[in-house]
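Please read the structure below before turning to the comments.
The values are calculated or read from the model by the stated rules, or taken from the named source; none is laboratory data. Computed from a prediction, not measured in an experiment: that's the story for all the values here. Here the Cβ positions follow ideal geometry from the backbone for every residue, glycine too, while neighbour counts run over all protein chains shown. Keep in mind that these areas ignore ligands, DNA and RNA; they rest on the heavy atoms of the full protein, side chains included. Shrake-Rupley method; radii C 1.70, N 1.55, O 1.52, S 1.80 Å.
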Amino acid sequence: MKIARARELCLERLVIEKGASKNTVEAYGRDIKRFCASLAPDYTNVQDLDTDSVRTHLTSLSFLSGISVRRTIASLQNFFSFLLEEGHIKKNLLEGIARPKITKKLPRVLTEEEVRSFIDGASQISKAFAERNVAIVEVLYATGMRVTELVTLRKGDVFYDEKLIKVFGKGSKERFVLLHDCALDVLYAYTKTLSTDSAWLFPSSRDKKQHMTRQAIFLLLKKIAVHVGIDPEAVSPHILRHAFATHLLAGGADIVSLQKMLGHSSIASTQIYTHVLTNQLTQFLEEYHPLQREDFVS
C-alpha cells in the first residue's frame, strides 16, 4: 500500500471508529504528513518504513517544543498501530525510541497587592465602561473561571440570592461557582447599567446580540496592566485564574474543593498550584528565615 493512501485511511479511522475531533484529526494529519515528506524518495510503500527512518525524522524536529514532539510521537504511534493492525508492517516502529521529557513551567502569579491594584485600575481606564471592566476583573478573580466561560455567561446564569454563577466549562460541563459578597455587589451594580436587548452578561459594545470576544478581554487586561505598571506580557485572563487558585490555597482552601471550583476533570491538573505555592514559600523561607541569612550564619 502507498504511504499517502495509508495516511488517508488512518485519519478516516480516527474519525469513524474513534470519534476524534476535527482539531485532533488535523493535528495528527499534519504530523504524519511531515513525517512522510521527510522520507527518502525510495520510501513509497508502507512496507519500506523502518525504525531508522522514524528515528531520523524525530531527530530533525529539534525546532519544535517538547510538547509538539510528544504529540508527533502520539500521531505516529496511531499511524503505526493502524498499519500493524492491518498487517502492513510487522512491528511497532517506535519501539526503543525515547519520549522527550517535558519540564512543567510554573505559572506566573499576581500578588494580592497587584490584584487590588488591577481592580482599581480597571475602573480608571474608561469612564464609559468602568463598571463593566471592574466586573470582568472581579468575576475572573473571584471565580477562577476561564475566559471562554466568562464571555459566554448569560444574565440568567447569575443567582444573586444563592450567590452562585452557573458556568459551562470544557466539554459543556456545567458547574456552579460561589461569589463572595464584594464581587456580587460589583456584578449587581454593573447589571443595572445593561440594556434589556441582550441576553449576554458581557455583550459586545458593537453588537448587543453578540458577547464580548476572548480577544477583547485579553486586550482589556493588558491595557489595565499598562495603566497600573504591571508588565502586560505577564498578564492574561489565565493569570487571574492562577491568582485565584494560588491565593485560595495560601488561605487554607483544600485542593479537592479548588478542583471543583476550577472545573478540572482530574485533580492532577489542580496540583500544579501546590507547586506554585511551594515555590513561593521556599523563596519566602530563603529570604526571611534566620538560618538562611548571612548575618545570622556569620
Would you check which residues across region 201-235 are open to solvent by 40 Å² or more (accessible area, probe 1.4 Å) and not in a helix (DSSP H, G or I) and list them? SER205, ARG206, ASP207, LYS208, LYS209, GLN210, HIS211, THR213, GLY229, ASP231
Residues to consider are GLU85, GLU26; find the one that is out of contact with any strand residue (DSSP E or B) (no Cβ under 6 Å at 6 or more places or on another chain), closer than 30 Å to ARG241 by Cα and not polar (S, T, N, Q). GLU26
Please note which helices (runs of 4 or more DSSP H) are completely contained in region 108-195 and include at least 3 residues that are of a type in the set (D, E, K, R), touching a Gly at 6+ places or on another chain (Cβ under 8 Å) and modelled with pLDDT of 95 or more. none
Could you check ALA6 against (1) modelled with pLDDT under 85; (2) assigned to a helix (DSSP H, G or I); (3) over 24 Å from the mean Cα position of the chain (by Cα) and say which number it fails? (1)
Among the numbered criteria (1) in contact with a Leu (Cβ under 9 Å, 6 or more places away or on another chain); (2) modelled with pLDDT of 80 or more; (3) not aromatic (Phe, Trp, Tyr), which single criterion is violated by SER205? (1)
Pairs with Cβ under 8 Å, 6+ apart, first in region 11-31 and within 22 Å of SER68 (Cβ to Cβ), second open to solvent by less than 80 Å² (accessible area, probe 1.4 Å) and aromatic (Phe, Trp, Tyr): LEU11/TYR28; LEU14/TYR28; ALA20/TYR28; TYR28/PHE79
Test for TYR28: is it open to solvent by 40 Å² or more (accessible area, probe 1.4 Å), touching a helix residue (DSSP H, G or I) at 6+ places or on another chain (Cβ under 7 Å), aromatic (Phe, Trp, Tyr) and in a loop (DSSP other than H, G, I, E, B): no
The residue from ILE16, ILE67 that alone is out of contact with any Cys (no Cβ under 8 Å at 6 or more places or on another chain), farther than 21 Å from ARG5 by Cα, surrounded by fewer than 15 Cβ atoms within 10 Å (Cβ to Cβ) and aliphatic (A, V, I, L, M) is ILE67
In this structure, is HIS242 farther than 15 Å from GLY144 by Cα and crowded, with 18+ Cβ neighbours inside 10 Å? no
Please state which one of SER195, SER205 is in contact (Cβ under 8 Å) with a residue 24 or more places away in the chain and either under 27 Å from the mean Cα position of the chain (by Cα) or over 25 Å from GLY263 (Cβ atoms) (or both). SER205
Taking region 237-267 and keeping residues at pLDDT below 80 and among the polar types (S, T, N, Q) leaves SER257, GLN259, SER265, SER266
